[in-house]
Amino acid sequence: MTDTYDASHITVLEGLQPVRERPAMYIGSTDTRGLHHLVYEVVDNSIDEALAGFCNRICVVINKDGSLMVEDNGRGIPVDTMEKNHKSALEVVLTVLHAGGKFDKETYQVSGGLHGVGVSVVNALSNWLSARVYRDGNIYEMRFSQGKTTLPLTTREETLAELLARYQQWYGEPAPFARASPALAVSSGAIPGQVPVTPPGTVTGQLDLTTAAHYPTGNEQEDRASLLATLGNKLTGTRIHFVPDASIFETTTFDYDVLAHRLRELAFLNAGLTIIITDERTGDSATYCYAGGLSEFVKYLNEGNEVLHPNPIYITKKDAENKLDLEVAMQYTTGYDEKLYTYVNSVNTREGGTHLEGFRSAITRGINVVAKRNGIIKENAQVTLRGEDVREGLTSVVSVKMANPQFEGQTKMRLGNSSVKGIVDSLVYAALTEYFDENPGVLKIIVEKALSAAKAREAARNARDLARRKSSLESAGLPGKLSDCSERDPAKSEIYIVEGDSAGGSAKQGRDRKFQAILPLRGKILNVEKAGEHQILKNAEIQTLINAIGTGIGEKFDPERARYHRIVIMTDADVDGAHIRTLLLTFFYRYMRKLIELGYVYIAQPPLFRIAKGKEEKYVYKEAEMQKVSAAMGDKGVSIQRYKGLGEMNAQQLWDTTMDPENRIFLKVSIEDAYEADEMFKTLMGKDVEIRKNFIMRHAKEVTNLDI
């Protein structure tokens, strides 16, 4: 790696022209996901500077006018002229697709934004974008509209007052510059919106005043030169400020919570990096900085859970030959589910990959070997703990930083480098066996839990066998209460999961029998957040659900066996209905999560009100909408019926409002953020009452319609 970073390090692969015509090819979609992807692309550039060791502060601001600003204290995008393009490197990075330092191995050993669409795509999809670079004591600026230059590169010298003001804003303290003399007054113009510079004559006490090299001379240019000589590397950076193009995106309103979740994740993954987010629309703000990195991440994930050992097992290893850095944190809880998150160069690899395979192989092998070597499992015992046994209740984060990761698909969801599996396996195995040899008490606790999991696995297998024998007595192996559809193509079939026989009766009569199946459930299903798989398989309603969908669960789960590609949860619009919906979502998330990721799970949105006047009737879905419709009809002679249960609708009404593909409204269930989703299920459905109580108290005022 070289500290030099100039135009020679910028490599151009292709142009930018297709972006505005086909934005989804570059950012996935033009809905709220695509909107926030713009922010991630900009932040990824700052993260790459942090990974290279040149940035320790990133600031994200959502402004009142809907614009968003990302600023870092990295080296600043180069501004010198590129020989090939005869343009500044800054302009090329912002206007040419696949242009950046990510393709130069000397500039970045690792990079999250490897596909390189980055800031150029953000520029193309913005109504306007302003780029400001701080380098060499100068401010360089360019502005664009929809990817086209509106202000060519401008350069001006940054005044001493501006440098001092920016230092204080970035680092929260005056620059260590002995003291500010009258010559350093802010009359030369502080930067709008920034923290005022230290008043003239104020002693900062940061440096030894006898050090002549740092003492202000009273000559602004000399003092400025001295400041840049001593602190210049802390005063470089890049600021990208943009407004998304409303003609491209379905919405241009940034969600503070969505951004805050991702920024917090990045702070966990990059120990010591400070990330600040501020929402000037609401006044919300947060600062994330975790010296403990992944260990703190795992502790955060396990908040509210009973842990088996107080401190996470932490592994950090390097493979110099393959230029791979590995970091792992793991901790066991008394729970049943495995929570495992993997990252490559701070990119969330939700579908895992070779690093995940190596990690899982290492912990299975390591625990078995050390447990037998230490006599916890007898050598002649007919017991070999399987992977699922040693991972029960395990919360872990695996982070790999490497050059040239090969992601399968443009989504970067799965790591494909075949060599990584063996490297990670070897590093984790060596570190784990060493840890367990030094901490036999922790090993004993983990092995005892794994042995218990093995017994439960065997019990679950017996329960499945019993269920299969029982189901073989039923027609086609399907539960008797299922009213199936005649369509046999899963892609064209849908199943409605409804509560009770009353709603089930209306749904069965109102449905289109060709492609719509109905499965009524009796009462509330088991809360799977508090139960093991062997207990779950004993529950009649869950068995019915598993058999109807056809995928199985656990080690036998196969999403390709799903009998329906649209699974619709249709419950009453009351508190009980909401609870049943949450119980079902918890089950799907914990045991059929892939169906959610594939986009198979939906929530039906039945109307809340029927408004009628004479022969005219309308169905509305929100209380505010009801008042408007009622007023438009004329209040006199208007009857309003509020549906609290689906059973209150007759078959035709249910078809017209909730099941007819032409009129119905569905919410697709998706997982925007895996660990945030996990935390929500744990909060709402887990064992810790105190966490749930705090959640209710925090959000109680947001509830507008209680069924009491």
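Taking amide H atoms as placed 1.01 Å from N in the peptide plane, list the residues 5 or more away in sequence, or in a different chain, whose amide H sits under 5 Å from that of Lys87.
Those lying under 5 Å, H to H, from Lys87 are Met82.
By counting other Cβ atoms within 10 Å of each Cβ, how are Leu526, Leu94 ranked from fewest to most?
Neighbour counts put them in this order, fewest first: Leu526, Leu94.
Can you work out the Karplus-derived ³J(HN,Hα) for every residue in region 639-651? Use 6.51 cos²θ - 1.76 cosθ + 1.60 with θ = phi - 60°, whole Hz, and x for glycine or proline.
So the J values, rounded to whole Hz, are 10, 10, 10, 9, 8, 9, x, 5, x, 6, 8, 7, 4.
Treat the count of other C-beta atoms within 10 Å as a stand-in for reagent exposure and order Val243, Val420 from fewest to most.
Taking fewest neighbouring Cβ atoms as first place, the list is Val243, Val420.
If you filter region 227-300 for GluC sites (Glu not before Pro), then keep DSSP loop positions with at most 16 other Cβ within 10 Å, what is left?
When the GluC sites (Glu not before Pro) of region 227-300 are filtered for loop state and at most 16 Cβ neighbours within 10 Å, Glu250, Glu280 remain.
Arranged by the count of other C-beta atoms within 10 angstrom, fewest first, what order do Tyr26, Tyr300 take?
Result, fewest neighbours first: Tyr300, Tyr26.
When Lys and Arg each count +1 and Asp and Glu each count -1, what net charge do the other residues less than 9 Å away from Thr149, Cβ to Cβ, add up to?
Counting the neighbours of Thr149, the net charge comes to +1.
Would you mind giving the average projected area, over all directions, of the Cα convex hull of region 294-458 in nm² with one decimal?
One quarter of the hull surface, i.e. the mean projection, equals 9.8 nm².
Every read-out reported here was derived from the displayed coordinates using simple, explicitly stated rules and does not represent laboratory data. Keep in mind that what you see is a predicted model, and the values were worked out from it rather than measured. Note that we place each Cβ from the backbone using ideal geometry, even for glycine, and neighbour counts take in every protein chain shown.
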